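Below is one structure, written out as structure tokens; the observations come after it.
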Amino acid sequence: MNKEQNLLPAVSQLRRHAEERLHANAAGLYSPRIEDKAQRLVHELEVHQIELEMQNAELRRAREELELSRNKYAELYDFAPIGYFVFDARGVIREINLTGAQQLGIERRSLANKPFTGFIADADGREIFSRHLESVLQKQGTQRCEIRLKGKDGTVIHTHFQSVTVDTGESRDGCILSSIVDVTVAKRLEQELQKKNAELESARSVAEKANLAKTDFLANMSHELRTPLNSIIGFSEVLQDQMFGKLNEKQQEYVTNILTSGIHLLSLISDILDLSKVESGKMELEQSTFPLRESLDVSMMMLRETALSGGIALHLDLAPEADVRIEADQRKLNQILFNLLSNAVKFTPPAGAVDVSAVRSGDFIEISVADTGPGISREDMPKLFQTFTQLESVHTRELEGTGLGLALTRQLVELHGGSVRVESEIGTGSRFSFTIPLTQAATASRPEA
């Protein structure tokens, strides 16, 4: 009833247009008052004829628009990057777009009414397809699966299926519309990635075993070397103190060389042992709470004599908000500070200066050691924290070192949950900075380096 009521205005409007056209065409041939019954009938027929002509014109226009729309969507359907298939309940192909035919490598007209199972590469895939159809027909919504198809040239095509039921009126059960995406390239890349990951995992395992063996070797060798070295250093100190008789000048020089070399070698062995412990995860922090100023003062005191003898000024600038107690491994923090300070003093020329500063940044303390030494080139920056690496320059060739101090420093800082950075330019000196949390609970809010 409502539909008929909605049509009444349209019919009325159509008749009005027909009447207007008829009167325009009549050009005064008919009188406004038509009394003759036959004339009225002719008039009605002419109006209906005009109505039909107008309706036919509208239908032709609608048919042309429908044809254009159908052609447009047919092209979109055929040339879509995804294969579209329509199956009946038995998995027989009822319809297929051009992309789907190209996926199988067969002309579209040759695929009509063919069982799709004939294009599946293996028995497992046919079983998966059968279960897939059953799930879709049971109205369980959109169903997905992966099936391997065989192309015309025998190649295997990995595809991803997505299917729903559609009502075409052809059968009581309806039909199944499936979109099929060729994921062969993605599968190959995935397999290659899995292979690479397996190779990397194997290489990592080998490297870990080699590193563990190296760590064990270094730990054992370091222990074996430190024992006799301590004896050499002890006896050298006894001889240097001339406890068992006087030494002439040449003997005194030799004993001093032995003692200096022994101490240097013991420092190297200790660094190797510490570094190997950190890398193997065996080094643990011995936490305590202590004033930060205490560690800064101790570290500067250890190097003050060396700095003064070289004409180098040492300065400490401890910001009031950083003059607090911190929770850390004090011995390791002292070692970090000593390594940075000794490097700064070593590479600073006479009349130069080494400045130590500490500021607070949230839950972290940032400590910087700046010198007026020769500076570091941008190309050498990546080498700074590598083990057994010393930068090549006139200054470094004149100075001895183990090449382990900065590598160990970074490891110890990171063990505390901090980070290290360096700023330097040739001719302007260097600034090494590191952050360390006030407490180990603050490590989670670690600032960007």
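The values are calculated or read from the model by the stated rules, or taken from the named source; none is laboratory data. Since this is a predicted model, take the numbers as computed values, not measurements. Here the Cβ is made from the backbone with ideal geometry for all residues, glycine too, and neighbour counts use every protein chain on show.
A few remarks follow.
- Qualifying residue in the stretch 381-400 (condition: more than 26 Å from the chain's Cα centre (by Cα), basic (Lys, Arg) and at pLDDT 85 or above): no
This table checks each residue for (1) modelled with pLDDT of 95 or more; (2) in a strand (DSSP E or B); (3) closer than 24 Å to residue 321 by Cβ.
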site: 337; (1), (2), (3): no, no, yes
site: 342; (1), (2), (3): no, no, no
site: 358; (1), (2), (3): yes, yes, yes
site: 366; (1), (2), (3): yes, yes, yes
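- Filtering the stretch 133-159 to residues that are among the acidic types (Asp, Glu) and assigned to a strand (DSSP E or B) leaves only 146.
- Enumeration of residues in the stretch 156-196 that are of a type in the set (Ser, Thr, Tyr) and modelled with pLDDT of 85 or more: 159, 163, 165, 178, 179, 184
- Cβ-Cβ distances below 7 Å connect the following pairs, each with a first residue in the stretch 191-214 that is in a helix (DSSP H, G or I), a second residue that is surrounded by 10 or more Cβ atoms within 10 Å (Cβ to Cβ), and a separation of six or more residues or different chains: 211/279; 212/280.
- Residue selected from the stretch 63-107 under the condition modelled with pLDDT of 85 or more, of a type outside the set (A, V, I, L, M) and assigned to a helix (DSSP H, G or I), by the criterion farthest from residue 178 (Cα to Cα): 102
- So residue 175, is it under 30 Å from the mean Cα position of the chain (by Cα) and surrounded by 13 or more Cβ atoms within 10 Å (Cβ to Cβ): no
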